[in-house]
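Input: a single structure, listed below in structure tokens.
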Protein chains: 2
Amino acid sequence: MRAVVMYAPGDVRVDQTERPTIVEPTDAIIRLAATCICGSDLWPYRGDDEVDHQPMGHEYVGVVEEIGSQVTSLTVGDFVVGTFFSSDNTCEICRAGYQTHCVHRGPGAVPGAQAEYARIPHADGTLVATPGMPDDDLVPSLLAASDVLGTGWFAAVAAEVGPGKTVAVVGDGAVGLLGVLAARQLGAERIIAMSRHADRQALAREFGATDIVEERGDEGVARIKELTGGLGAHSTIEAVGTQESMMQAIRATRAGGHVGYVGVAHDVSLPGEELFFSGVHLHGGPAPVRRFLPDLIQLIWDREIDPGRVFDLTLPLDQAAEGYRAMDERRAIKVLLTV
Amino acid sequence: MRAVVMYAPGDVRVDQTERPTIVEPTDAIIRLAATCICGSDLWPYRGDDEVDHQPMGHEYVGVVEEIGSQVTSLTVGDFVVGTFFSSDNTCEICRAGYQTHCVHRGPGAVPGAQAEYARIPHADGTLVATPGMPDDDLVPSLLAASDVLGTGWFAAVAAEVGPGKTVAVVGDGAVGLLGVLAARQLGAERIIAMSRHADRQALAREFGATDIVEERGDEGVARIKELTGGLGAHSTIEAVGTQESMMQAIRATRAGGHVGYVGVAHDVSLPGEELFFSGVHLHGGPAPVRRFLPDLIQLIWDREIDPGRVFDLTLPLDQAAEGYRAMDERRAIKVLLTV
């Protein structure tokens, strides 16, 4: 089968590889309907994370092709949405809603979903079947639910977004933009998107942003303070993962407010004294998308939300390298790969 | 009047100083009934914070001696408990329960409460009158409510302590011990106190600890994991403020769990990537004791809790220097100064 492999930073190829097979009786094999490139895939692409012949991709929707002998909740032919960490969804941590920390999860994200087929461990816990075969136009949104929507949603929940609240969103990538959408769905009164790109500003407004702040860093914080009577946002979504973005998020939030951070931290070190005196709540990490997936699938199925709008470039799997380049050069917010 | 002044690290004296007077119409002057030495006073005492002829003390109970023209909720002769940061208790931040971050609070803690008299800004917002003149035996507990009880209580609330939960407490000073008491009051199922001092272990058990862990650092974390089926505590109270104690608290907590940290951070730097993948909630800072004060006073008044047990040494104000020495040398958990 064909699969995307990152040989080295900047070197993405589509290889012929072995089609995966059932290894554990709890596995399923799915035939991908669509997959995509994640903002986090850019870390190794840019040389910020190590990479050496790595099968890529951890966002996926597709059709169940084969199931292991212990899989009970799925049948061959089901259309499923999965999440980037496999989880049994039965352990104490999963039941508390933190499936990304499942005690039986694998050592890392589900690998190799930018491919024709993928093996999904803990299929019963990891995959959620849609109510039926989706119309083609729903596929991008279901694919978004697999990671970026679920991650933006978790960030909004972690930031305790709710009615009457002012929300600031740091980061205008797909996750930040879908954090805006989540904040709107969760009833936020005011949503301030921090972005200096016209196309992303437009999509942020479409998803529910009421204000745009173009300034960054301390200037951006000052603008958020201006817009909130000097106090700062009640809830801030951080969707970048750098030192600057984390400090921007913490400083933009009022004492007693909540920062939900989902940008994978890179070279971040939080100064204890400043954090202490900020009085904010901090919560985040790898989003337990599985917690939200049934509800998100339903919202998409009912056409109440359209998170697939974040895909502004669609390419066939064979052109994955061009997809990486387009995201790296910020020519695309997020690239969908058809399989 | 007599007042405790720290001339330099290790050099504490009782000076004759000017008795304070009303400055703002919202001030009150109180005559101290009792005051005490805070664990945080040991930072400058040990040279870890700068200090130069600093009037000391920010924990106090006493009788209202004089009020400014705009003070409406108090009358001369009231017995009051106050908090270490003054707050108007009416601004948006105060109303959200974060009085330590009041938009009108002063530049630092209420200074100079280790004295015969003290000026309290924003008296209406900062002070809470007791239901009447307290019996003498209630005074230590009311004094504890002024800071250490309220701080331990906030830590427990920030750590989302509640029924069915396992709570770990890092730090066996007065705040940590009263965090144990708070956790018990808030219904925790299991309370693991981390302490290697027999006297503090005994008091922790008296306050409600169900388990004691003597190990510290990574070994302490391993013991907490052992006691919690490998998962870690649901809620961890951090009451020290060092790098080691913060990491111990974070690592002792399960994914999705809560760390409530109230030890004033000193040279703490939190590694972003580890924090991200820990999946914990982090909340803390200078405790908004004022939020809890009415309820805590009532619990003490009704003799349902006895937080004054943390005072294991009582000295007259004139012997403040000996009190500092006793706490510095860990001969005393907490020193009460009679005025």
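Quick notes on this one:
- Screening the candidates B:R291, B:R331 for the property of being basic (K, R) and closer than 30 Å to A:H281 by Cα yields one hit, B:R291.
- Tally, over the stretch A:297-339, of residues that are free of Cβ contacts under 8 Å to residues at least 40 places away in the same chain, surrounded by 20 or more Cβ atoms within 10 Å (Cβ to Cβ) and not small (G, A, S): 0
- Qualifying residue in the stretch A:135-156 (condition: buried (at least 24 other Cβ atoms within 10 Å of the Cβ), over 30 Å from A:V64 (Cβ atoms) and modelled with pLDDT of 95 or more): yes
- Within the stretch A:5-35, the set of residues being part of a strand (DSSP E or B), aliphatic (A, V, I, L, M) and more than 25 Å from A:D136 (Cα to Cα) comprises A:V5, A:M6, A:A8, A:V12.
- Total residues in the stretch A:200-213 satisfying the condition of being in a helix (DSSP H, G or I) and either at positive phi or within 14 Å of another protein chain (Cβ to nearest Cβ) (or both): the figure is 0.
- The residues on offer are A:L299, A:L282, and the sole one that is more than 27 Å from A:A202 (Cβ to Cβ) and at pLDDT 95 or above is A:L282.
- Which numbered condition A:T83 fails, given (1) at pLDDT 95 or above; (2) part of a loop (DSSP other than H, G, I, E, B); (3) under 18 Å from the mean Cα position of the chain (by Cα): (1)
- All of B:G230, B:G208, B:G217 fail the test of being touching an Asp or Glu at 6+ places or on another chain (Cβ under 7 Å), surrounded by fewer than 24 Cβ atoms within 10 Å (Cβ to Cβ) and either closer than 18 Å to B:L296 by Cβ or not β-branched (V, I, T) (or both), apart from B:G217.
- Selection of first residues in the stretch A:133-145 that are in the same structural domain as A:I37 (by TED's automatic domain parsing) and of second residues that are of a type outside the set (A, V, I, L, M, F, W, C) and in a loop (DSSP other than H, G, I, E, B), restricted to Cβ pairs under 7 Å at least 6 apart or on distinct chains, gives the following pairs, ordered by first then second residue: A:S141/A:D306; A:L142/A:T130; A:L142/A:P134; A:L143/A:E59.
- From the list A:G62, A:G132, A:G77, A:G97, the lone residue that is modelled with pLDDT of 95 or more, assigned to a loop (DSSP other than H, G, I, E, B) and under 19 Å from the mean Cα position of the chain (by Cα) is A:G97.
- The set of residues from the stretch A:275-289 being within 11 Å of another protein chain (Cβ to nearest Cβ) and under 21 Å from the mean Cα position of the chain (by Cα) comprises A:L282, A:H283, A:G284, A:G285, A:P286, A:A287, A:P288.
- Of all residues assigned to the stretch B:113-122, none qualifies as being hydrophobic (A, V, I, L, M, F, W, C), away from chain A (no Cβ under 14 Å), under 24 Å from A:H281 (Cβ atoms) and crowded, with 20+ Cβ neighbours inside 10 Å.
- Subset of the stretch B:258-274 that is within 7 Å of another protein chain (Cβ to nearest Cβ) and part of a helix (DSSP H, G or I) - its residue that is farthest from B:A155 (Cα to Cα): B:E273
- Beta carbons closer than 6 Å, at least 6 apart along the sequence or on distinct chains, pair a first residue in the stretch A:12-33 that is within 13 Å of A:R2 (Cβ to Cβ) with a second that is assigned to a strand (DSSP E or B) and among the small types (G, A, S) for A:D15/A:A3; A:T17/A:A3; A:R31/A:G62; A:L32/A:G62.
- Search result, residues across the stretch A:25-44 that are in contact with a Gly (Cβ under 6 Å, 6 or more places away or on another chain) and either farther than 27 Å from A:V264 by Cα or modelled with pLDDT of 95 or more (or both): A:P25, A:T26, A:D27, A:I30, A:R31, A:L32, A:A33, A:T35, A:I37
- Evaluation of B:G171 against the conditions (1) in contact with a strand residue (DSSP E or B) (Cβ under 6 Å, 6 or more places away or on another chain); (2) outside the structural domain of B:D312 (by TED's automatic domain parsing); (3) surrounded by 20 or more Cβ atoms within 10 Å (Cβ to Cβ) shows that the sole unmet condition is (1).
- Residue list for the stretch A:214-249, filter: among the aliphatic types (A, V, I, L, M), within 14 Å of chain B (Cβ to nearest Cβ) and either in a helix (DSSP H, G or I) or farther than 16 Å from A:V161 by Cα (or both): A:L231, A:V240, A:M246, A:M247, A:A249
- Which numbered condition A:G106 fails, given (1) in contact with a His (Cβ under 9 Å, 6 or more places away or on another chain); (2) in contact (Cβ under 8 Å) with a residue 24 or more places away in the chain; (3) over 21 Å from B:H258 (Cα atoms): (2)
- Set A:E206, A:E215, A:E226, A:E244: member being within 21 Å of A:H266 (Cα to Cα) and of a type in the set (D, E): A:E244
- The residues of the stretch A:64-82 that are surrounded by fewer than 16 Cβ atoms within 10 Å (Cβ to Cβ) and either of a type outside the set (S, T, N, Q) or touching a residue at least 40 places away in the same chain (Cβ under 8 Å) (or both), listed by number, are A:S69, A:Q70, A:T72, A:S73, A:V76, A:G77.
- The strands (runs of 3 or more DSSP E) located wholly in the stretch B:281-339 that include 3 or more residues which are under 25 Å from B:M133 (Cβ atoms) occupy B:311-316, B:334-338.
- For A:A255, the test of being without any contact (Cβ under 8 Å) to a residue 60 or more places away in the chain, in a loop (DSSP other than H, G, I, E, B) and facing another protein chain (nearest Cβ under 7 Å) is failed.
- Qualifying residues in the stretch B:65-92 (those that are touching a His at 6+ places or on another chain (Cβ under 7 Å) and more than 23 Å from B:V148 (Cβ to Cβ)) - the one farthest from the other protein chains (Cβ to nearest Cβ): B:D88
The values are calculated or read from the model by the stated rules, or taken from the named source; none is laboratory data. Just so it is clear, the model here is predicted, and its values are computed rather than measured. Don't worry about glycine lacking a Cβ; one is built from the backbone with ideal geometry, like all the others, and counts go over all protein chains shown.
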